[in-house]
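Before any comments, here is the structure.
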């Protein structure tokens, strides 16, 4: 077959994938004030890579987002989350006591906001990187399925 019979799917995906990623970032940064946050946004961003892989192929996805990069993002997310907790311990609070991050008069909430943003960013990175790395691990074990096999 010389023609690409998936042209409509590919064109729609090129439009839809950035919109899905943008929605993931909306969920991430709006999660400080409403339901949502790092885990949900991480799943949504991982879906963009997985959808790209399903439409354009695993090899193309691995060239766009390498497995090593996915693992590094996951590791950095875990380190960021844990680092915030350790920083609160060092600054005299308990683990993940965000008020210890910024010394303020009673009633100030800047430490809470900073801590939540950093922890949710760490969760976002850990979930996205982990899900993409797990998908690549499973996708690498499957042989290439040709259209004729269907």
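The values are calculated or read from the model by the stated rules, or taken from the named source; none is laboratory data. All values reported here derive from a predicted model rather than from experimental measurement. Backbone-built Cβ (ideal geometry, glycine too); neighbour counts: all protein chains shown.
Residues in region 106-119 that are at pLDDT 80 or above and surrounded by fewer than 22 Cβ atoms within 10 Å (Cβ to Cβ): how many?
9
Which one of these does residue 45 not meet: (1) within 23 Å of the chain's Cα centre (by Cα); (2) modelled with pLDDT under 95; (3) buried (at least 20 other Cβ atoms within 10 Å of the Cβ)?
All conditions are met except number (2).
Against the definition (at pLDDT 95 or above and surrounded by 11 or more Cβ atoms within 10 Å (Cβ to Cβ)), how does residue 69 come out, yes or no?
yes
From the list 89, 124, which one is surrounded by 11 or more Cβ atoms within 10 Å (Cβ to Cβ), at pLDDT 90 or above and over 28 Å from residue 27 (Cα atoms)?
89
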